[in-house]
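Only one structure is covered here, and it is reproduced in the block below.
The values are calculated or read from the model by the stated rules, or taken from the named source; none is laboratory data. Please read all numbers here as calculations on a predicted model, not as lab measurements. Because the Cβ atoms are built from the backbone with ideal geometry, glycine has one as well, and the counts that use them run over all protein chains shown. Side chains included, ligands, DNA and RNA excluded: accessible areas come from the protein's heavy atoms. Shrake-Rupley method; radii C 1.70, N 1.55, O 1.52, S 1.80 Å.
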Amino acid sequence: MTRPTDPRRRRFLTRSLLATSALLLAGCDRLSRSDAMGRLFDAGEALTQQAQRLLASRESLAREYAPEDIAPTFRANGTTNPQDAAYRRLAANGFRDWRLTVDGLVERPRTFSLDDLKAMPARTQITRHDCVEGWSCIGQWRGVVLGDLLAQVGVRDAARFVVFHCADRYRGGDRYYESLDMREAYHPQTLLAYDLNGADLPVANGAPLRLRAERQLGYKMAKYVMRVELVESFAHLGRGRGGYWEDRGYQWWAGI
Ligand SMILES: Nc1nc2c(c(=O)[nH]1)N[C@H]1C(S)=C(S)[C@@H](COP(=O)(O)O)O[C@H]1N2
Ligand SMILES: [Mo]
């Protein structure tokens with residue numbers, strides 16, 4: 001007799017759950033083509049999202065800290081003041097004209113203003129940022145859960161990675177970009193953050209929007225995010241390794 005606590009049984013259950021949510025996804029896809037089934041589609045989508053959350057939350061969470069652990073100033077690294085003309089115009093106007101584009105392998109590509117993002121449910125978390133250069137810093141981030149944003153645009157089955165296109169060219173060279181796989185993208189602590197330590201995200205730390213993927217090293221956490229693109233492969237981007245630093249020899253998988 002296999003007891004429910006047996007790891008093999010747990011693995012089997014996880015696989016069954018995954019298969020069920022895949023079936024739900026496939027089913028919803030078909031239902032969405034009929035208007036009469038619209039409401040059922042919405043319910044199915046919410047259910048699928050919940051199933052994904054359930055699965056994701058079984059995975060490890062990055063440690064969260066107490067308010068007294070927050071560093072007085074959050075250190076800035078890499079680009080700290082993008083020189084690109086378009087970005088400077090947006091910054092000069094307090095990012096009122098800034099829009100985030102979400103496109104690629106999605107059902108409903110669209111743009112979001114900062115107010116659109118702030119109107120969505122927010123998550124706040126106090127976490128430690130670890131840079132490969134050998135420093136760490138604890139800060140409080142607030143933003144929209146990336147999984148919620150993805151649910152709004154509807155991710156197509158073919159999507160395997162989420163790419164973050166940034167406004168800056170590192171030291172005036174190539175444009176900064178990063179990517180996550182879908183599992184990391186749907187992790188409950190993966191945010192697009194617009195607030196650091198209770199105030200608007202400063203320009204030095206990626207205003208108006210930056211990625212927080214708390215189980216990853218600092219270079220994955222794209223600042224100055226302008227566009228989120230769902231892709232099947234990142235071979236056509238940059239030098240094909242999935243990120244600015246990956247193109248220069250860093251590991252694509254930067255899990256801590
Ligand atoms: N767009 C962009 N994102 C970026 C970088 C950058 O130069 N440009 N540097 C990365 C690195 S190496 C680190 S450690 C963190 C630094 O974030 P911080 O400035 O908030 O400390 O941002 C990451 N994201
Ligand atoms: Mo870094």
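If the condition is being farther than 13 Å from Leu196 by Cβ, open to solvent by 40 Å² or more (accessible area, probe 1.4 Å) and away from ligand 2 (no atom under 16 Å from the Cβ), then region 69-93 contributes Asp69, Asn81, Gln83, Ala85, Ala86, Arg88, Arg89, Ala92, Asn93.
When restricted to residues that are closer than 17 Å to Gln189 by Cα and either in a strand (DSSP E or B) or open to solvent by 70 Å² or more (accessible area, probe 1.4 Å) (or both), region 119-136 contains 10. When residues in region 172-201 are screened for being farther than 13 Å from Gly143 by Cα and in contact (Cβ under 8 Å) with a residue 40 or more places away in the chain, 11 of them pass. Pick from region 104-113 the residues that are part of a strand (DSSP E or B) and exposed (fewer than 14 other Cβ atoms within 10 Å of the Cβ): which of them is farthest from ligand 1 (Cβ to nearest atom)? So, considering only residues that are part of a strand (DSSP E or B) and exposed (fewer than 14 other Cβ atoms within 10 Å of the Cβ), the one farthest from ligand 1 (Cβ to nearest atom) is Arg110. The set of residues in region 215-252 being within 14 Å of ligand 1 (Cβ to nearest atom), within 23 Å of Asp148 (Cβ to Cβ) and open to solvent by less than 10 Å² (accessible area, probe 1.4 Å) consists of Gln216, Lys220, Met221, Ala222, Tyr224, Val225, Val228. For beta carbons closer than 7 Å, sequence separation of 6+ or different chains, a first residue in region 94-122 that is over 13 Å from Asp200 (Cβ atoms) and acidic (Asp, Glu) and a second that is open to solvent by less than 40 Å² (accessible area, probe 1.4 Å) and modelled with pLDDT of 95 or more, the qualifying pairs are Asp97/Leu90; Asp103/Glu229; Glu107/Val153; Glu107/Gly154.
Do the conditions hold for Ala193, that is, is it closer than 18 Å to Met120 by Cβ and either modelled with pLDDT of 95 or more or small (Gly, Ala, Ser) (or both)? Spell out how you get there, then give the answer.
Numbers: closer than 18 Å to Met120 by Cβ: yes; either modelled with pLDDT of 95 or more or small (Gly, Ala, Ser) (or both): yes.
Taking the combined requirement at face value, the residue satisfies it.
Taking every residue in region 206-219 that is at positive phi and assigned by TED's automatic domain parsing to the domain that holds Phe95 and pairing it with any residue that is near ligand 1 (Cβ under 10 Å from one of its atoms) and modelled with pLDDT of 95 or more, at least 6 positions away or on another chain, the pairs with Cβ-Cβ distances below 6 Å are Gly206/Lys223; Gly206/Tyr224.
Right, Thr101: open to solvent by 10 Å² or more (accessible area, probe 1.4 Å), within 26 Å of Arg89 (Cβ to Cβ) and in contact with a strand residue (DSSP E or B) (Cβ under 8 Å, 6 or more places away or on another chain) or not? Break it down into steps so the answer makes sense when it comes.
On the way: open to solvent by 10 Å² or more (accessible area, probe 1.4 Å): yes; within 26 Å of Arg89 (Cβ to Cβ): yes; in contact with a strand residue (DSSP E or B) (Cβ under 8 Å, 6 or more places away or on another chain): yes.
So Thr101 passes the test.
Looking at region 218-246 only, could you name the residues that are over 26 Å from Arg110 (Cα atoms), within 15 Å of ligand 2 (Cβ to nearest atom) and more than 14 Å from the chain's Cα centre (by Cα)? The answer is Trp245, Glu246.
Restricting region 142-170 to residues that are surrounded by 17 or more Cβ atoms within 10 Å (Cβ to Cβ) and within 16 Å of ligand 2 (Cβ to nearest atom), the residue that is farthest from the chain's Cα centre (by Cα) is Asp168.
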